[in-house]
1. List every residue pair whose Cβ atoms sit under 6 Å apart, with the two residues 6 or more apart in sequence or on different chains, where the first one lies in region B:506-530 and is more than 16 Å from B:R454 (Cβ to Cβ) and the second, anywhere, is among the acidic types (D, E).
2. When only residues in region A:189-209 that are out of contact with any helix residue (DSSP H, G or I) (no Cβ under 7 Å at 6 or more places or on another chain) and at pLDDT 90 or above count, which is nearest to the other protein chains (Cβ to nearest Cβ)?
3. Looking at region B:156-190, which of its residues are of a type in the set (D, E) and surrounded by 12 or more Cβ atoms within 10 Å (Cβ to Cβ)?
4. Could you grab the pairs with beta carbons closer than 9 Å, sequence gap of 6+ or different chains, first residue in region B:222-244 and within 18 Å of B:R205 (Cα to Cα) and away from chain A (no Cβ under 14 Å), second one at pLDDT below 70 and assigned to a strand (DSSP E or B)?
5. Could you look through region B:272-291, keep only residues that are surrounded by fewer than 17 Cβ atoms within 10 Å (Cβ to Cβ) and over 18 Å from B:S637 (Cα atoms), and pick out the one that is modelled with the lowest pLDDT?
6. For region B:125-183, how many residues are over 15 Å from B:R222 (Cα atoms) and over 38 Å from the mean Cα position of the chain (by Cα)?
7. Do we find that A:L177 is under 20 Å from A:V199 (Cβ atoms) and at pLDDT below 95 in this structure?
8. Please enumerate the residues belonging to region A:165-177 that are closer than 22 Å to A:A204 by Cβ and within 14 Å of chain B (Cβ to nearest Cβ).
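The values are calculated or read from the model by the stated rules, or taken from the named source; none is laboratory data. Only a predicted model underlies this, so the values are computations on that prediction, with no experimental measurement involved. Cβ: placed from backbone, ideal geometry, glycine included. Neighbour counts: every protein chain shown.
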Amino acid sequence: MATRCSHENSHEVGVFAALTNSYCLTGVGGSENFYSVFESELSEHIPVIHATIAGGRFVGRTTVGNRRGLLVPNTATDQELGHLRNSLPDSVVVQRVEERLSALGNIVACNDHVALVHPDVDRETEDVISDVLGVEVFRQTVAGQALVGTYSKFTNQGGMVHPRTTVEDIEELSGLLQVPLVAGTVNRGSDVLGGGMVVNDWSAFVGLDTTSTEISVIESIFKLSTGGGAGGQRQAQQSDIVTTMRSSLIDQLS
Amino acid sequence: ARPRWAQRAAAAGSDIYSLPHLRHRHCHTLSPLTAETRPCTYLDSICPPVCGRSQSSSNSRDLLREYSRLGPATPASEMSAASGSVAAVATVVSPPARTAIQIPCCLCGTMIHPNAANQCGACLAQQFDLKAVLQRGPGGAHDISVHQCRRCRRYERPSESSSTGRYEYHEPESPELLALCLKHIPALQHSKGGEQHAKSVGVGRIHVVDAMWVWTEPHSMRLKVRLMVRAEVEGGGLGAGGGVTVQQRVMVELVVKFKQCAECNREFTNRTWHAVVQLRQKRTDGAQRKGLILLETALSKNAAVRKNVLSMETTRHGFDFYFLSLMHAKVFASYLAKVCPMRIKTTQKLVSSDVKNNTANMKHTVSCDMVPLCRDDLIIVDKHAAHAGGGAGRLSGRMCLVNKVSSAIQLIDASPARSISTEEAFAEVPADKYWKGGEDKSYRILFSSKRLCRFVVLDVELCSGGNGGDGRHHDSESQSYNGPQSGVGKYALADVEVAREADFGQSDQTYRCVTHLGHLLQVGDIALGYDLVNSVLPSDAEWSMENSLNSSCVLPDVVLVKKCKGGAVESNDGDDIEETKEEKSKSRAKSSGSKRRERRRKREEKKMKALEDAAARMGFLEDDGAADESLIENDRSAFKEELVNDPELARELERAERELAQVQQDLTPQQEDVIESEES
C-alpha cells in the first residue's frame, strides 16, 4: 500500500526515513507530521523510531539496514548510536562502519538476502555488510551509475531501477538479486529512486509528487496492492497498467 | 569527411548519418511496427512516443552503447579508437547489443523511452508550451507587430537606444527580414528583459535552432515564421534531475503595422522649410535668360551644393530653393553669388512666437536678384551712371556688348574707335557697381540674343593702331585666332565689311563696322550680330539712345557679336522641331483618310500654338503657370543648342561648375562647423 507523504515540503521521502521489515527510522523534523504518517501506518507492526545521524535528519541516506541489522557511518555520534541500540529490538544488530564513503544509504542497496554495493567500497566494509546484515554482497553498477543505493530500490518481493537501465542489465541484475526488477521513476519522473521512496515488503511511502502511473508501477512491482488475493500472483506487467488504467488516466488529464 | 564511426555505420547499412547534424545522430530506435531499426527523425524529448531520447543525455557511455548496437561485428579496439573517449572504453571488451527499455510516462502511462523528464511528448507539451511564450508581444501585448512605412515600404528595425529605429528596405521573405522578425519577438531577446514571462512559466532561456518562412499573402499584413526553438525547462518535480531541454517547432505570427518613417514625415508636413532662396533674373518676356539656365545646369551637375535643398520650385522669373535653416540658405546664396553677380537681401516673416520663452518661429527669405544682363546683350551704359558711382569706366555713355557674366560683368565697346588699343575696348563692371549705379536705368538692354542676325563677312582689315601690344609686326590679315597657343591675342580691332545673309545673293547692301573680333573672323565666315539700321526699338531704348550716350559715341549700323561655327547650321524654330519629332514618333498613316486627318490635326495644332504665342506676347496669359513652364523649357532647349554651337558658352558653363565644385570644398572644413554650431 503506497502512501504519499512529504517531509516539510520536500518530496524526497527516502532521505529522511529508512524502512525495513522490522523497524523504521525517521529523521527529527520541526513538526511531527512526517513521523505521524509513518506511525499511523506502521506502529502496530514495527517500531517507528526518531533518530539523527551526526546531528542531521537525513537518516535514510546515511544508514542502511535490513531486518537483521543496521549499519551507521562513522559520523554518527555515540549518543545516537546508543539511542538506536536502545530503541531497536534486540534482534537487530547496530554496527558503526568505518568507511570513506559515509553515505551508506547511497552506496548500498539491500534486502534481506542480497546487497548491491558501490564498486569502490573497502573490503572490510563489504565483510561487515555481509556479516551484520547477513546478505550476499555484489559489487555492481546500475545503469552505469555507481551509487546503487540512490538509483535502485529493492525488497524481497521486487525491485525498481533507474529508468535508463537497459534490458540486458535488468535481466542480469534480476538474475543476481533473484527478484523481478522494473525500470521506473518516482516523484513525477525523477530517477532518484532511493531518495524518492522507502519501501518494505508490505508498505511503501513515496513523495507527494508521485503520479498515479508511478504508484501503480510501484505497487505492482513491489507486490503491495491490496486489491484481491491475486495481488501476489499477479505479474508486474506494465502493459496491464497501460491497458486497464490508461484510458481513465487520459480522461482525467485531458 | 565523416568521422570514422559514421563511415563505418554507413558501411554497415544504416544511413542515419546523412541527416543534418542537429538530428539524433546517436539514436537508432526500434520501430514498433516493423522489427527493423530505423533512424530517429524526431528531435529531442518533445517527440512522440516512438523515441524519447534527449540529446542532452548523450554522454560518451551512451554513445558507445549506441555505436555498439549498430555494428555488432566491429572489434572493440577499432571502436575505442573511433569514439576516442575516456578510460571507460578500455574496460569494455566486446559489449553485446543493448536495447533501451521502455517505461511508462509518469503522467499518462504511455510507454516511452526514458528522457530527462521521463514524460511523453504530449505531457511535456501540455506543461511547457513554448508557443504561448513566443507569441506574446512586448509587455504582454497580444500581438507582435513589425512596423513598416506606408509610403516608402521600409521596415523599422528596433533599436535599444532610441524609441524609433532605423528604417531599412527588405525584400519579402528575405533572410534580413527574418532576422528583423526574430528581433521583434520579445521572448528571444535576452538583453531586453523580454523573457520575464518565460521565467514565470518556468522556461529558461530560449534559443533559436532554426527559422524559416511560412508563405503569407503579400498584402495580408502578416508575417509567419516557423521557428525551431530549444529551451531549458525546470521540471515540475524533478528534484535532482532538473533542467530538461525541450525542443519545439513553433509558428509565430507577426502583424505588420504602418508607421510613418521620419523621412516621409518630414516630406509630408508643410511646416518643414524655414528658409527659401529666391533666385530671379528679371528680363522682359521673351528675352532669353542665359544666366539662369547656366546656373541651373551647373547646379544640376554639382550635387554637393544641393544637398541641403529640400525642394525646388520654378517661377516665372527664376527658381525658389527651400531649405531647413537660414544658415543653409545663406551658404547656398553665397555660392550663387560667386558664380553670377547678384544682389542678396534677407528678410524674415514671423510665423509664431512664444512670449514666455522669448522665442519665435520665423521663416526667412533670401532673395537673390541676378543681374539681368546676359551674354551677347547689347546695352547702353548711361553717361550719368558714373556720377552715382556705378559707371563702367571708359565705357560710360556708350553702347556696349556684354561679353562675359561671371562674378563681374565684362563689357566690350560696341563701336570702338579705330585708334584705341584692344584692351581699352574692354571694361569690367563688378556686381555692386551695377546695383549702385541705378540698375536698369543705367544699363539699358537694347538687344538680346534672340535678335541676332546672320551676316556674311566680306572683308576684314585689322586696325593697325590696336595691335601695338603684340610686339610683332602683323601685316597679313590672315592671322587668325585658333586657340590659346596660336600666338595672337584673342581679340583685335578690325574694320569689317559685312552683308546680311538674307541679302547676300539678292542685293548689294553691305555695312561697315569696327569690331573686336578681328582675329576670329575671316572672309566668308558667318557672323552673328545685331542689325541696328533695320530694327525698331522700344520707346525707352530709343530715349536712352538719344540721351544716355556720350557725344563722342558714334552709332554703328551693325554690331557683330560672335562668329558662327559651321556656317550651314539651320536655325530651327519651335514648330519645326515639334513636327519632326511627331513624324518620327507616330507610325506612318496608311490610308489617305487617316493621312488627311493627320494633316488637319497638325494644322490645328500649329494654329493653336501660334495663337498661344501671340497671347503670351501680348500678356494675356500672365497668370498661366503652364506658360512659365514652356518658357523655361524653350529657354533650356535654346541654351542647349547654343552650348553646342558656341564654345565660349560651354567654357563659361565649365567655369561655373568648377567654381561651384571649388566652393564646395571650401565649405567642408569651415562652414560645416558653423552650420552645426548654429543648429545645435
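1. Once the first residue is more than 16 Å from B:R454 (Cβ to Cβ) and sits in region B:506-530, its partners that are among the acidic types (D, E) give B:R512/B:E497; B:V514/B:D495.
2. A:L208
3. B:E156, B:E168, B:E173, B:E176
4. Here the result reads B:E232/B:V244, each pair linking region B:222-244 to a residue that is at pLDDT below 70 and assigned to a strand (DSSP E or B).
5. Of everything passing the filter in region B:272-291, B:T284 is modelled with the lowest pLDDT.
6. 14
7. yes
8. A:T165, A:I170, A:L173, A:S174
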